[in-house]
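Where a number appears in this text, it was derived from the coordinates with a stated rule and is not lab data. Please read these numbers as outputs of a predicted model, since none were measured by experiment. Positions of Cβ are generated from backbone atoms using ideal geometry, with glycine treated the same way; all protein chains shown enter the neighbour counts.
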Amino acid sequence: MTRTAVVTGGSAGIGLATAEALAKAGWNVAIIARDAARLEEARAMLVKHGGGVLAISADVADAAAVDAAADRIERELGPIEAWVNNAMSTVVAPADRISAEEYQRVTATTYLSQVYGTLAALRHMKPRRRGAIIQVSSGLGIRAVPLQAAYCAAKFAVSGFTDALRAELIADKVPVTLTVVYLPAVNTPQPGWARNHTGREQVLPDPLFDPRVCAEAILSAIDRPEREIWVGRSTIQMAIAQSLAPGFADRQASGFAKDQLGAPASNKPGNLDQPVAGPARIDGDSTDRAIDHRREFFTSRQRDLLKLGVGGGLAGIGALAGFGVSRLFARPNR
């Protein structure tokens, strides 16, 4: 029987790359997004790979719409085996130049959409006692940076919600898996669609990764579930720095604002409240920069071992340094 997967934000970027990878692997695929025209274009791309494809226009910040989409998918494509929460939005601006309404909207689309998607999936998966839910997050959900306060806060919230729910599922002995996939900077159309109050173009930092690498990590979380997956060396570097030396990470992040701003540009309303018109495409506009295509992602266990190794090394260096200082200032016995 053909399995069915759902991808929110599935009409472009990482969502479309994931939907395409699932379709190529023989899955039925449902994609959920707001822009009906782009959804139809994405659907036409996906049906070429065979299998059932369903495109649903809905705002993932609307819990009732997400529930209705899940019910329709079950009726038309079959039991949902995997649900990928990928939709997001952001506002690029200093924290005190983001309005209360903008914070609310980013929280709704980037955090609450994952809650609503997860609950809709669980409603169908728990009675069957099977299924995989994947939360697409970011390295910025581990180590926050300037100009992304609303987005970073929403991604931090995703981790807290998922950890709490995972513990509940373990206690109730429900074998539905939950994986958080933390992503690096990725070449998608999103920077051109984001609301931006800085007066400059948003420039994603190097290394810049191919969206298909992220899709590969997401698919691996379906068939070989892990608690967390960390895509790209930059993500693991951020996680280790935040864990072992958060003050140092603060100082490093303080320079990020300048690094992610490019040429002067007019402020953009972006896709916060309404979708931005544009084609269904996976790749963004940074094709002139080096895009990393390597299969580079780390599981929770690999990350923990790396953190232990780095932490142990730093502890050893600290102990040696402390011993040297103590010898230097020690008084001779009299």
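Shape call for segment 24-172 from the C-alpha gyration tensor, a ≥ b ≥ c root eigenvalues: rounded (a/c under 1.5), prolate (a/b greater than b/c) or oblate?
Note, shape of segment 24-172 comes out oblate.
Please list, in order along segment 89-97, the HN-Hα scalar couplings obtained from phi with the Karplus expression 6.51 cos²θ - 1.76 cosθ + 1.60 (θ = phi - 60°), rounded to whole Hz, x for Gly and Pro.
Going residue by residue, I get 8, 8, 10, 8, 5, x, 4, 7, 10 Hz, with x marking Gly and Pro.
If one takes the longest principal axis of the Cα atoms in the chain, at what angle in degrees, from 0 to 90 and to the nearest 10, does the Cα axis of helix 63-76 lie?
Roughly 60 degrees, rounded to the nearest 10.
Residues of segment 155-177 with amide nitrogen under 15 Å from the 7 Å Cα-to-Cβ point of ARG130?
175-177
Got a sec? How would ASP283, ASP288, ASP250, ASP223 order by Cβ neighbour count within 10 Å, fewest to most?
With the sparsest Cβ surroundings first, the list reads ASP288, ASP223, ASP250, ASP283.
Of ASN267, GLN104, PRO127, which is farthest on the positive side of the dipole of the chain, counting Cα position, with +1 on Lys and Arg Cβ, -1 on Asp and Glu Cβ, and the Cα centre as origin?
The Cα lying farthest towards the positive end belongs to PRO127.
Among THR107, THR118, rank each residue by its count of other Cβ atoms within 10 Å, from fewest to most, as a rough exposure measure.
On the way: THR107 18, THR118 23.
So the residues, fewest neighbours to most, are THR107, THR118.
Where the only charges are on Cβ atoms (+1 Lys, Arg; -1 Asp, Glu), what is the dipole of segment 1-126 about its Cα centre, to the nearest 20 debye?
I would put it at about 360 debye.
What is the dipole size for the chain, taken about its Cα centre, with +1 at each Lys and Arg Cβ and -1 at each Asp and Glu Cβ, in debye to the nearest 20?
I would put it at about 1180 debye.
For segment 42-49, take each phi angle, set θ = phi - 60°, evaluate the Karplus expression 6.51 cos²θ - 1.76 cosθ + 1.60, and give the result in whole Hz per residue in order, putting x for glycine and proline.
Karplus values, whole Hz, x for Gly and Pro: 5, 4, 4, 5, 6, 5, 5, 8.
What ranking do TRP27, TRP193 get, fewest neighbouring Cβ atoms within 10 angstrom at the top?
Ascending Cβ contact count within 10 Å gives the list TRP193, TRP27.
Among ALA245, ALA154, TRP193, whose Cα projects farthest towards the positive end of the dipole of the chain, with charges put on the beta-carbon of Lys, Arg (+1) and Asp, Glu (-1)?
ALA245
Under the rule a/c < 1.5 gives rounded, and otherwise a/b versus b/c splits prolate from oblate, where does segment 217-278 land using the Cα gyration tensor?
oblate
Taking LYS24 as the anchor, which lysines have their alpha carbon closer than 19 Å to its alpha carbon, excluding any fewer than eight residues away along the same chain?
Within the straight-line limit of under 19 Å, LYS24 reaches these lysines: LYS48.
Determine the calculated [θ] at 222 nm for the chain from helices alone, applying -39500 (n - 2.57) to every DSSP H run no shorter than 4 residues and normalising by the residue count; nearest 500 deg cm²/dmol.
Computed ellipticity for the chain at 222 nm equals -15000 deg cm²/dmol.
What angle do you read, to the nearest 10 degrees and between 0 and 90, between the alpha-carbon axis of helix 113-128 and the longest principal axis of the chain?
Its long axis makes an angle of about 70 degrees.
Figure the gain on full extension for ASP273 and ARG289 (residue separation times 0.36 nm, minus the Cα-Cα span) and round it to one decimal in nm.
On the way: separation 16, 0.36 × 16 = 5.76 nm, distance 3.02 nm.
Roughly 2.7 nm would be gained on extension.
Among the lysines, which fall within straight-line cross-link reach of LYS258, defined as a Cα-Cα distance under 30 Å, with same-chain neighbours fewer than 8 residues apart omitted?
Cα-Cα hits under 30 Å: LYS155, LYS268, LYS307.
When we measure straight from the Cα of LYS126, which lysines land under 23 angstrom away, once same-chain ones fewer than 8 places off are left out?
Output for LYS126: LYS173.
Using Cα centres only, tell me the gap between segment 81-147 and segment 178-257 in whole Å.
If we compute the Cα centre of each part, the gap is 14 Å.
Can you list the trypsin sites (Lys or Arg not before Pro) in segment 7-100 that are in a DSSP coil and have 16 or fewer other beta carbons within 10 angstrom? Intermediate results must be reported in sequence, preceding the final value.
Values: sites: LYS24, ARG34, ARG38, ARG43, LYS48, ARG72, ARG75, ARG97; in loops: ARG34, LYS48.
Those that pass, being in a loop and sparsely packed, are LYS48.
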